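First up is the structure itself, then whatever we jot down about it.
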Amino acid sequence: MFRGTYEHTIDSKGRASLPAQFRSILPKDNERLVITNYIPAHLWAFTFDDWIRLEQKIASLPLNDPDTREFKRFFVAGAHDVAVDKLGRILIPPRLRDYAQLNKDITFAGSVTHIEVWSKENWQPAFRASESNFENTAKKLADLGF
């Protein structure tokens, strides 16, 4: 499971070191991630095996539903496979870097089943918003039996 928050940098070619704590979770025979868009302006990264399971669920959604089509258009069509190189780095494609506004300082945030990748500038207000609403969110989750 992915947990914790780590600040890193991304170089001009789009390479960023994946936190060692996250690399240790990846299967040794398949050290790659699938990275895609998410809102607002950040990325989600999944292990390849978890992405395949997610795609299978997505494949079961009704083809003629407009929400399904929009979801696939944004989330699935935006996805890219990225390998972890021998130095523990991933190469984030230019289109995804542009979407998430990843320029220099970035934040990797564990989110149990996946990794969130944020520009440092966007992460800070998103985290503060989550912090300020945490009590209400925790209550809603408690009401759902969490």
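FYI, it's all coordinate maths here, none of it is from the lab. Model, not experiment: these values are computed from the prediction. No Cβ is skipped: glycine too gets one built from the backbone with ideal geometry, and neighbour counts run over all protein chains shown.
Determine which residues of segment 36-75 fall in the zone a paramagnetic label at residue 130 would reach in this model, i.e. backbone nitrogen under 18 Å from the point 7 Å along Cα→Cβ.
So the set is 36-47.
Nearest 0.05, what FRET efficiency do residue 105 and residue 57 give at R0 = 35 Å with Cβ-Cβ as r?
0.55
Could you list which residues have their amide H under 5 Å from that of residue 41, counting only those 5 or more apart in sequence or on another chain, with H placed in the peptide plane?
none
Could you list the square roots of 5 times each eigenvalue of the Cα gyration tensor of the chain, that is, the equivalent ellipsoid semi-axes, sorted largest first and rounded to whole Å?
Taking √(5λ) for each Cα gyration eigenvalue gives 24, 21, 17 Å.
Apply the Karplus curve 6.51 cos²θ - 1.76 cosθ + 1.60, θ = phi - 60°, to the phi angles in segment 97-103 and return the couplings in whole Hz, x for Gly and Pro.
4, 5, 4, 8, 6, 8, 10
Using the Cα centre of the chain as origin and beta-carbon charges of +1 (Lys, Arg) and -1 (Asp, Glu), tell me which of 44, 24, 1 is placed farthest towards the positive end of the dipole.
Positive-end residue among those listed: 24.
With θ set to phi - 60° and the Karplus curve 6.51 cos²θ - 1.76 cosθ + 1.60, what are the ³J(HN,Hα) couplings of segment 134-142 in order, to the nearest whole Hz, using x for Gly and Pro?
4, 4, 5, 5, 4, 5, 4, 5, 5
Skipping prolines and chain starts, which residues have an amide H placed within reach, meaning under 5 Å, of the one on residue 106, given they are 5 or more residues away or on another chain?
Under 5 Å from the amide H of residue 106: 8, 9, 10, 120.
Okay, helix-only estimate at 222 nm for the chain: each DSSP H run of n ≥ 4 adds -39500 (n - 2.57), divide by all residues, round to 500 deg cm²/dmol; what do you get?
-10000 deg cm²/dmol
Residue by residue, what Karplus-based ³J(HN,Hα) values in Hz, rounded to whole numbers, does segment 115-125 have, using 6.51, -1.76 and 1.60 with θ = phi - 60° and x for Gly and Pro?
Once rounded to whole Hz, the list reads 10, 9, 10, 10, 6, 4, 5, 7, 5, 4, x.
List the aspartates and glutamates whose Cα sits under 15 Å from the Cα of residue 140, skipping any in the same chain fewer than 8 residues away.
131
For segment 5-120: lysine pairs with Cα atoms under 14 Å, gap of 8 or more or different chains, count?
4
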